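Single-structure report; data block below.
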Amino acid sequence: MKISEDRRKILKIVTMYYEQGLTQAVIAKKMNISRPVISKILQQAKESGIVSISIKDESAYAVELGLRLEKKYQLKDVIVVPTNEQKQVETLKKEVSQAAAFYLLDQLKADMSVGLSWGTTLADMIDEMPYCSFPTIKVCPLVGGVSSEHLYFDTNHLVFRLAEKLNSRCQYFYAPALAESNVLAEVLNESQLVQKAMDQAKNVDFAIIGVGNPNESSTWKRLGYIETKELDIIKKTGVKGDAVASLFDKNGQTVNNEISKRMLGIKVEDLVTIPDVMVIGCGKEKAESIKPLLLGKCCTILVVDQIVAEALV
């Protein structure tokens, strides 16, 4: 097949650039054409379909999903962990926890304050954190402690463990995550101890939170803090998820039912003013609860598995 001289030149230029790895400057000298013209020809080659660029990596689809979520919800960063039919649930959870840990490690800076909620997701992330040294960082709880019976998930214990991994300082929240009654919650919220902890929590530089879906699977429910009576209240009041000290609706706003009023700690509305909030989630049921937080602008960084990402796009 005969080709025109112009097309031959274009093919020669793209071959030298993409196949032989020559720079635009070198090609310009060889072809006796200015560098801006070479750049323009390469762009035209892509637009006309002469050159088609594809990224051959198993993570490329996950990265593309992340970019779409960043654009859709105006997020700072999205990390999507690839999945497939062969990958076990526990393996996927571990990989999501690792991704969150590595991302946090990359964000740490001297003198910053890091806030933690509670639960299995954060406990798993801390397990994956390497030991390092940030002596001027302060780690703070965002909610009250749970109970000594479930120490592994307790926010004060998680704060201590992360501070130990970072060789940093930490503060504690000396109050339960869920008060026994509204009256007790009101009394505790008026105390200087809780008010000081709340002030520290609201002013962290980087918050890390897990998200529960009390309608499907939630640490509150699994550990027995939410019984049949509370579950009925949750279903009747339009709760879509739980995070920090809030049960929230489809718009990411706290549902002020009896349970939310007993929760001690910052509310999802407080997350909006924190510079960086990293939400971690794994499992399809989490998507229903993460979406309201995205709509409510309660999150700037998202770390999820591919299944959750696909449900959110």
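Of the candidates Leu151, Leu188, Leu178, the single residue that is farther than 23 Å from Ile301 by Cβ and exposed (fewer than 15 other Cβ atoms within 10 Å of the Cβ) is Leu151.
The residue list Asp124, Asp106 contains one member that is charged (D, E, K, R), closer than 21 Å to Asn167 by Cα and either within 13 Å of the chain's Cα centre (by Cα) or surrounded by 17 or more Cβ atoms within 10 Å (Cβ to Cβ) (or both), which is Asp124. Residues in segment 156-193 that are in a helix (DSSP H, G or I) and under 30 Å from Tyr131 (Cα atoms): Asn156, His157, Leu158, Val159, Phe160, Arg161, Leu162, Ala163, Glu164, Lys165, Leu166.
Pairing each residue of segment 191-212 that is open to solvent by 10 Å² or more (accessible area, probe 1.4 Å) with any residue that is assigned to a loop (DSSP other than H, G, I, E, B) and not hydroxyl-bearing (Ser, Thr, Tyr), provided the two are 6+ apart or on different chains, yields C-beta distances under 6 Å for Gln200/Gln171; Lys202/Ile266; Asp205/Met112; Asp205/Pro275; Gly210/Gly119. None of Gly144, Gly119, Gly115 is buried (at least 24 other Cβ atoms within 10 Å of the Cβ) and at pLDDT below 90 except Gly119. Kindly indicate whether Leu65 is open to solvent by less than 100 Å² (accessible area, probe 1.4 Å) and within 30 Å of Thr136 (Cβ to Cβ). Criteria not met by Leu65.
Selection of segment 282-307 for residues being buried (at least 24 other Cβ atoms within 10 Å of the Cβ) and either of a type in the set (D, E, K, R) or at pLDDT below 95 (or both) yields Cys282, Lys286, Ser289, Asp305. Restricting attention to segment 265-281, the residues that are part of a strand (DSSP E or B) and open to solvent by 20 Å² or more (accessible area, probe 1.4 Å) add up to 1. Considering only residues of segment 232-264 that are in a helix (DSSP H, G or I), touching a residue at least 60 places away in the same chain (Cβ under 8 Å) and touching a strand residue (DSSP E or B) at 6+ places or on another chain (Cβ under 8 Å), which is least open to solvent (accessible area, probe 1.4 Å)? Result: Ile259.
Could you look through segment 218-247, keep only residues that are over 22 Å from Ser181 (Cβ atoms) and not charged (D, E, K, R), and pick out the one that is modelled with the highest pLDDT?
Checking each candidate, the answer is Ala243.
Taking segment 198-216 as the range and being at pLDDT below 95 and either in contact with a strand residue (DSSP E or B) (Cβ under 9 Å, 6 or more places away or on another chain) or part of a strand (DSSP E or B) (or both) as the test, the residues that pass are Gly210, Val211, Gly212, Asn213, Pro214, Asn215.
The values are calculated or read from the model by the stated rules, or taken from the named source; none is laboratory data. Bear in mind the structure is a predicted one, so any value in this text is a computation, not a measurement. Don't worry about glycine lacking a Cβ; one is built from the backbone with ideal geometry, like all the others, and counts go over all protein chains shown. These area figures cover heavy atoms from the full protein model, side chains too; ligands, DNA and RNA do not enter into them. Shrake-Rupley method; radii C 1.70, N 1.55, O 1.52, S 1.80 Å.
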